[in-house]
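These notes concern the structure reproduced below.
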């Protein structure tokens, strides 16, 4: 099982690739080579409905997730597309069961006994921080959460 990934690791990876284009490109190539199904999932036709800014942001967050997992040195093996689809379906089911109306309340059930809470909190923060300046659309927020949560799920199995 994947070791717990702390907020410090996540922030260090985000800072490194956010501030250093060479580090971003290097990690991007490693991500594509080691996890092609996950990499392609971020570019699937399901995400084409997102704005270009949302797609780029989702790639950045996905890359931080991958880089954080990579930092642990844990070998997760190559993830298959059907693993992602299964995780996505379970996440949609859980979200659809929520009776809450606010995004943060709707995703609360995802945090219950979740083994990678800091990674999940990072995803939430990246979709909700500075909401007045945030370019993430209301329509895009939940689907982006499901995609990114599904990636965390398959990488932390």
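General observations
- Taking the three principal axes of the alpha carbon atoms in the stretch 94-157, the coordinate ranges are 34, 23, 16 Å, sorted in descending order.
- Kirkwood Rh, Cα atoms: Rg over Rh of the stretch 4-50: 1.05
- Percentage relative contact order, the chain, counting C-alpha pairs under 8 Å, at least six apart: 36 percent
- For the chain, the 222 nm mean residue ellipticity estimated from helices alone, with every DSSP H stretch of n ≥ 4 adding -39500 (n - 2.57) and the total spread over all residues, rounds to -21500 deg cm²/dmol.
- Percentage of interatomic Cα-Cα distances in the stretch 18-87 larger than 16 Å: 50 percent
- A convex hull fitted around the alpha carbon atoms of the chain yields 111 Å³ per residue.
Each reported figure results from applying straightforward, stated rules to the coordinates on display, with no laboratory input. The structure presented is a predicted model; accordingly, all values stated were derived computationally and were not measured.
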